[in-house]
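Chemist: Let me give you the structure first, and then I'll get to my questions.
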Amino acid sequence: MTKLTSAQQALHQGLVTLLNTKKINQVSIKELTQKSNVARSTFYAYYDNIDNLLEEIEDTFIENLNKLDQSITDPAANNFTYFYEVLSYVEENSNLLSALLINDYDYRLVKKWKKAIKANLYQRFQLTNPNIKTELLFEMTASEVISADIFYLKHKDDVDRKFILDLISKELINLATYF
């Protein structure tokens, strides 16, 4: 992915800010460009519509998350400590994730996130010809990880971070027993 310009970054931040109070279909380009302090013509230089911008935001999040998730492919990492890094990344992006997963559930982002987790699991367990049971196990695992991250964001003042991370690690260690 190419480096984002300052205008694109401003539009990313502006959309996330608006999505923390509104649904995507309630945001207008006029409102977004005013919030972002970016000219309308600049918006159209980069995007055809708000959904194109949202998709770029999703892809940027997944690309950065996928860099962290690459640790999942290391079979020597039995304790899955990389999830500490992932949860830190989730915390750093809590404004974005609150907008896209708590205030208005973005199924497309979740689908991309699951796909990234599952791809890394396939690589970790060196599976080139998986069966339907494996696909189900990986789908469930990806769903659990994402749900735990969302739960943590909703309740981070009430739930111990280590507790969430230990649960995720235990689930992944259990998954490893199938292979």
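Chemist: How far, in degrees from 0 to 90, does helix 132-155 lean away from the longest principal axis of the Cα atoms of the chain, to the nearest 10?
Modeler: 60
Chemist: With axes computed from alpha carbons, what is the tilt in degrees of helix 82-92 against the longest principal axis of the chain, rounded to the nearest 10 within 0 to 90?
Modeler: Computed tilt is about 20 degrees.
Chemist: Could you give me the ³J(HN,Hα) list for the stretch 42-47, computed from phi with Karplus coefficients 6.51, -1.76, 1.60 and θ = phi - 60°, whole Hz, x at Gly and Pro?
Modeler: Computed from phi, the couplings for the stretch 42-47 are 5, 3, 6, 5, 9, 9 Hz.
Chemist: Give, as a single signed number, the net charge of other residues whose beta carbon lies under 12 Å from the beta carbon of ASP51, with Lys and Arg counted +1 and Asp and Glu -1.
Modeler: Spelling it out: positives minus negatives among the neighbours equals -4.
Chemist: Still on this structure, I have one more. Once the whole set of protein chains is in place, how much accessible area is left on GLU139, using a 1.4 Å probe, in Å² to the nearest 10?
Modeler: 50
Chemist: Using 7 Å Cα-to-Cβ label points, what is the SER41/GLU63 separation (nm, one decimal)?
Modeler: Simple spin-label model gives 2.7 nm for this pair.
Chemist: Helix 161-176 sits at what angle to the longest principal axis of the chain, using alpha carbons and giving 0 to 90 degrees rounded to 10?
Modeler: Between helix and principal axis, roughly 50 degrees.
Chemist: How big is the charge dipole of the chain about its Cα centre, in debye rounded to the nearest 20, if each Lys and Arg gets +1 on its Cβ and each Asp and Glu gets -1 on its Cβ?
Modeler: 240
Chemist: Something else: Sort HIS12, HIS155 by heavy-atom solvent-accessible area, probe 1.4 angstrom, most to least.
Modeler: HIS155, HIS12
Chemist: Another question about this same structure. Under 12 Å Cα-Cα from LYS3, which aspartates and glutamates qualify once same-chain neighbours fewer than 8 residues away are excluded?
Modeler: The reachable aspartates and glutamates, counting only those whose Cα sits under 12 Å from LYS3, are GLU56.
Chemist: Set Lys and Arg Cβ to +1 and Asp and Glu Cβ to -1, take the dipole of the chain about its Cα centre, and tell me which of LEU127, ASN37, LEU68 lies farthest positive.
Modeler: Going by the Cα projections, it comes out as ASN37.
Chemist: Moving on to the next point. Could you tell me whether the stretch 139-179 comes out rounded, prolate or oblate from its Cα gyration tensor? Rule is a ≥ b ≥ c as square roots of the eigenvalues, rounded for a/c under 1.5, then prolate if a/b exceeds b/c, otherwise oblate.
Modeler: In terms of gyration-tensor shape, oblate.
Chemist: For the stretch 90-141, with only Lys/Arg (+1) and Asp/Glu (-1) charged at the beta-carbon, what is the dipole magnitude about the Cα centre, in debye rounded to 20?
Modeler: 320
Chemist: So what are the three principal axis dimensions of the chain from its Cα atoms, in whole Å, longest to shortest?
Modeler: 54, 39, 26
Chemist: Express in whole angstrom the spacing between the alpha-carbon centres of the stretch 9-42 and the stretch 128-168.
Modeler: 31
Chemist: Still on this structure, I have one more. With r defined as the distance between the Cβ atoms of LEU167 and GLU85 and R0 fixed at 22 Å, what FRET efficiency is calculated, to the nearest 0.05?
Modeler: My answer for the efficiency is 0.85.
Chemist: Could you sort SER6, SER147 by their accessible area in this structure, using a 1.4 Å probe and putting the largest first?
Modeler: Greatest to least solvent exposure: SER6, SER147.
Chemist: Looking at the square roots a ≥ b ≥ c of the eigenvalues of the Cα gyration tensor of the stretch 94-179, which shape do they give, rounded for a/c under 1.5, prolate if a/b is larger than b/c, or oblate?
Modeler: It is oblate, given that a/c is not under 1.5 and a/b is not larger than b/c.
Chemist: Oh, and also: Let me cross-check GLU135: its accessible surface, 1.4 Å probe, with only protein heavy atoms counted, in Å² to the nearest 10?
Modeler: Spelled out: GLU135, probe radius 1.4 Å, area about 70 Å².
Chemist: Continuing with this model, one more query. Report, in listed order, any pair from LYS67/LYS162; LYS30/LYS112; LYS133/LYS170; LYS30/LYS156; LYS67/LYS170 with a Cα-Cα distance greater than 25 Å.
Modeler: LYS30/LYS112; LYS30/LYS156
Chemist: If I take every Cα pair under 8 Å that is 6 or more residues apart in the chain, average their sequence separation and divide by the length, what percent do I get for the relative contact order?
Modeler: After rounding, I find 24 percent.
Chemist: When only the heavy atoms of the protein chains count and the probe is 1.4 Å, how do LYS133, LYS118, LYS170 rank by accessible area, highest first?
Modeler: Sorted descending by solvent-accessible area, the residues read LYS133, LYS170, LYS118.
The values are calculated or read from the model by the stated rules, or taken from the named source; none is laboratory data. Everything numeric in this text was worked out from a predicted model, so none of it was measured. Here the Cβ is made from the backbone with ideal geometry for all residues, glycine too, and neighbour counts use every protein chain on show. Accessible surface areas use protein heavy atoms only, side chains included; no ligands, DNA or RNA. Shrake-Rupley method; radii C 1.70, N 1.55, O 1.52, S 1.80 Å.
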